[in-house]
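To start, the structure itself, in structure tokens.
Just so it is clear, none of the values below were taken in a lab; they were calculated from the coordinates. Predicted model only: the values in this text are computed from it and were never measured. Every residue, glycine as well, gets a Cβ built from its backbone with ideal geometry; the counts of neighbours run over all protein chains shown.
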């Protein structure tokens, strides 16, 4: 089969066919891919917990919200850079696609330098301000500094896989993720067990695996995706493209950063209850993140779907797609809630060595997991509304949705810390989800009304 034949097979035009079927076909590989991506962290967590100890598990877990911040910044800004690519692909502008790819890569190099510098210089201060327990502080610092130093692998994997998804290709990133997830587990076992590198081994395993995913994405694009491969004349900054990509990428990055800041505040409240609470909360959080990956996948799908259809000018199809996505996500949320409640107890033991009393850990984990499960439906709607708006090129309102999350988490966390209530600390997430769901839902209606108005004026 020739190169072009492969390209035709792997690209997906999301401007045609049943919206529900198109969305589901695109989402399924993303769900699997996201699950394997989460297995990166889960492998680190499980192997560290079982072979290094509960304190080491707590140390890795205490950095989870910080990782969410720095990785979220990377994901947000790179996803923002690829929105323009998706829109131009929908408009059949091949030269514009190549130009946007080159411009996004150049902007990502600058972003890598800035994010890495910020992370490395501020990490000790951040851990201190988050009330990180003294007995796990050094391990936490070691782990997160390795992750921060390897941000280039995270940024460029997310950028290149987002380019593939922008043209409807969700299968290839999945293949590379599966491979690198397996590799991550192997490296964890080698570095942690054989070479006894502790939490440092977990950090290096994650970075190496992510780096290999990035390299594989690059090689595939270069070999098989000529529409995504810039030519010599494209490798320069284009003012209009830069302005457009930054206008979407920066708000998306800030939205992640604002949301992450809220979770860091929540983590600070959890940290007050000691390393056992942190370890249990970490284990429950990892499982929850795993079962809710379908929600994030649906959001990623809607970004590509809305971007392509916005580029084509088919706004009615975007609205139909949102309705289909909401229906599918409601069903998924119910299934996810059942799964987390059913799997929590049997899976909790995976994270700890045999000498840890699981019965003592379970109440901490149950409080968080069961409380959150009730609010999965509003959580799922956030991804749909937020990513649809971003796919249409609207960055400010989705960012303000992140602000609403931050304010809700901050308010609940302050009250929780003042009264020393662990259940109230756990309620930070549900409170943020409900607040953001209402805000982004209303914002979506405002954005669709604005788009309709602009198209009526243009016609």
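Each part reduced to its alpha carbon centroid, the stretch 149-183 and the stretch 96-119 end up 16 Å apart.
Among (i) 22.2; (ii) 24.9; (iii) 24.2, find the value of Kirkwood radius over Cα pairs in Å that was calculated from the structure presented, and write down its label. Checked against the structure: label (i). For 185, 60, the sequence from fewest to most other C-beta atoms within 10 Å is 185, 60. Calculated [222 nm] ellipticity per residue, helices only, for the chain: -29000 deg cm²/dmol; basis is -39500 (n - 2.57) per DSSP H run with n ≥ 4, divided by all residues, nearest 500. Packing order of peptides 406-418, 125-137, 298-310, 271-283, highest average first: 298-310, 271-283, 406-418, 125-137 (average count of other Cβ atoms within 10 Å over each peptide's residues).
Between the C-alpha center of the stretch 417-459 and that of the stretch 316-388 there is a gap of 19 Å.
For the chain, the relative contact order is 25 percent, taking Cα pairs closer than 8 Å that sit 6 or more residues apart in sequence and dividing their mean separation by the residue count. Please work out the Cα center distance from the stretch 188-231 to the stretch 266-312, rounded to the nearest Å. Here the answer is 22 Å between Cα centres.
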